[in-house]
Amino acid sequence: MNLSSHTAQQIREAFFGKNWTASSFKDHLGDVSWEQATTKIPSFNTIAALVYHVNYYMEAILMVFREGKLNASDRESFNHPPITSKEEWEAMVARMYKNVEAFAGEVEKLTNEQMAEDFWENKFGSLFRNIHGIVEHSHYHLGQIVFLKKMLAANNN
């Protein structure tokens, strides 16, 4: 198995399970209602904003893979459309999962040599660094989602 295959597996496991941390987006988002996802706890992002944010950067790198363009802005990365129904929440989560599969699929196509190449511009470091950054970033925000769920549950008791 080459580096790309290992990395693609790691991406899928972070979102769909069976990873080293025994914690995934699928595990923790499965029982989140749209009301919970959009409930604002002061000084924290909502669960929906975190899901959007994680997917935003994954979509940005997918665009680089597919179109050779990097079009992302940190200040836009939390600006998701309003969620006012179960269907809108489920569509947001489904979009992220669809992008996870597409992202992992693109990563699997890479050679070890390509993983060492610059991502977009030299200032961003290697493709390997940026792909693993997405995995780290996703785990970081998954931890926040887990805490938010616990806080929401505590507020309802």
Where the second residue is loosely packed, with under 13 Cβ neighbours inside 10 Å and the first is under 17 Å from residue 103 (Cβ atoms) and lies in the stretch 118-129, which pairs have Cβ atoms under 8 Å and are six or more apart or on separate chains? 126/117; 127/117
Exactly one of 7, 38, 46 is over 18 Å from residue 137 (Cβ atoms) and in contact (Cβ under 8 Å) with a residue 24 or more places away in the chain, and that residue is 38
Have a look at 28, 53 and point out the one that is in contact with a helix residue (DSSP H, G or I) (Cβ under 6 Å, 6 or more places away or on another chain), in a helix (DSSP H, G or I) and either open to solvent by less than 70 Å² (accessible area, probe 1.4 Å) or within 14 Å of residue 137 (Cβ to Cβ) (or both). 28
Considering the stretch 68-91 alone, what residues qualify as being assigned to a helix (DSSP H, G or I), modelled with pLDDT under 95 and either of a type in the set (A, V, I, L, M) or surrounded by 10 or more Cβ atoms within 10 Å (Cβ to Cβ) (or both)? 76
Screening 124, 128 for residues that are farther than 30 Å from residue 41 by Cβ, surrounded by 15 or more Cβ atoms within 10 Å (Cβ to Cβ) and aromatic (Phe, Trp, Tyr) leaves only 128
Taking interchain pairs and intrachain pairs at least six residues apart, which have beta carbon atoms under 9 angstrom, with the first residue in the stretch 103-117 and over 14 Å from residue 10 (Cβ atoms) and hydroxyl-bearing (Ser, Thr, Tyr) and the second at pLDDT below 90 and part of a helix (DSSP H, G or I)? 111/3
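The values are calculated or read from the model by the stated rules, or taken from the named source; none is laboratory data. None of the values given here were measured: they were computed from a predicted structure. Ideal geometry is used to build each Cβ from the backbone, glycine not excepted, and the neighbour counts take in all protein chains shown. These accessible areas exclude ligands, DNA and RNA; they are computed on the full protein's heavy atoms, side chains included. Shrake-Rupley method; radii C 1.70, N 1.55, O 1.52, S 1.80 Å.
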